[in-house]
1. At what distance in nm do the modelled label points of residue 118 and residue 185 sit from each other, each positioned 7 Å from its Cα along Cα→Cβ?
2. Can you tell me the dipole magnitude for region 13-77 around its Cα centre, using point charges on the Cβ only (Lys, Arg +1; Asp, Glu -1), in Debye to the nearest 20?
3. With unit charges on the beta carbon (Lys/Arg positive, Asp/Glu negative), name the residue among 28, 57, 45 whose Cα is farthest towards the positive pole of the charge dipole of region 13-77.
4. Please report the equivalent ellipsoid semi-axes of region 125-267, computed as sqrt(5 x eigenvalue) of the Cα gyration tensor, largest first, in whole Å.
5. Could you tell me which trypsin sites (Lys or Arg not before Pro) in region 182-261 are loop residues by DSSP with no more than 10 other beta carbons within 10 angstrom of their beta carbon?
6. Give the percent of DSSP beta bridges with both residues in region 86-256 that are antiparallel, rounded to the nearest 5.
7. Quickly work out the residue 156-to-residue 25 label distance, labels modelled 7 Å from Cα along the C-beta direction, and quote it in nm with one decimal.
8. Please work out the FRET efficiency for the pair residue 68 and residue 193, using the Cβ-Cβ distance as r and a Förster radius of 35 Å; give the result to the nearest 0.05.
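Throughout, read-outs are computed from the coordinates displayed, never taken from laboratory work. Keep in mind the model is a prediction, meaning the values are calculated, not measured. No Cβ is skipped: glycine too gets one built from the backbone with ideal geometry, and neighbour counts run over all protein chains shown.
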Amino acid sequence: MKHIGNSALPEGGKARRVYLLLRDDITSGRFKAGSVLPGEQRLSAIHGVSRVTIRRALETLVADGLIEKRPGAGSVVREDRAGAAIAADMASPIPQVVQMGQSTTARLLSFSYGEAPAAVSAELGLSDGERVQTAIRVRSYEGAAFSHLTTYVPERIAVNYSEADLASTALFTLLERSGVAVDSAAQRVSATLASPDVAQALDVSVGSALLSLTRTVRDADGKGVEYLSALYRPDMFKLEMQLARVGRDSARHWEPIIVAPVGERPE
């Protein structure tokens, strides 16, 4: 896994295209740590652009901390900075939240009360004028920021914990302490690009591709108790799912294997 720095994208559409292609080759492992990239002339021929364009792309990769220039060697891919990526099981989101809270640290960026965006209000089933507590946090692993989290919790629940609590304790734990009986969650995954504020918080380039996940958590009565909008660095976070082949003949298909919650798994 490689670190994606907070540099601006190179000027010019061709330079940006080459930069993004090379960056993907590095973060995906095609060019491993310690390997040397093809020379400027070779890259120019591969991508059908001028050496000036290649140089701009390489300069941005250097600024990102992905490569370094070594006299006599060329552009060398730098060593990994933060170790293995955080992995979450797509089929069991709630237990993963608990585990992640225990192995990572969070920094609270903002904490406020007010009306929720219309889409969030609809997801949570809020009444007209019902307020929510909104918090923005950045979660890190081994000192590297990997997720930008925006959570919305109905005020009637959020009044049971303070800003200081949220700065030091996982929200899922605070919900349980508040007497919420979490029963289910629905989540959606897509992709987006890093806006300037998110890019700064995650230490990536503006416009970098991010994994986008939204989750609506409900209690035993079906009421919405939390809405999460999470943005993840794809070089530091991955969603995994185990599948089983079920059914017979033409009806055979893949089906997710539901993982038992932590503490309930067989030995």
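1. Inter-label distance under the simple model: 2.8 nm.
2. Values: 12 positive and 6 negative charges, 35 e Å.
So the magnitude is around 160 debye.
3. Most positive-ward Cα: 45.
4. Each semi-axis is the square root of five times an eigenvalue, giving 28, 24, 16 Å.
5. Listed in order of number, the matching sites are 248, 252.
6. On the way: 49 of 53 bridges.
Roughly 90 percent of the DSSP beta bridges within region 86-256 come out antiparallel.
7. The modelled label-to-label distance comes out at 5.7 nm.
8. Plugging the Cβ-Cβ distance into 1/(1 + (r/R0)^6) gives 0.85.
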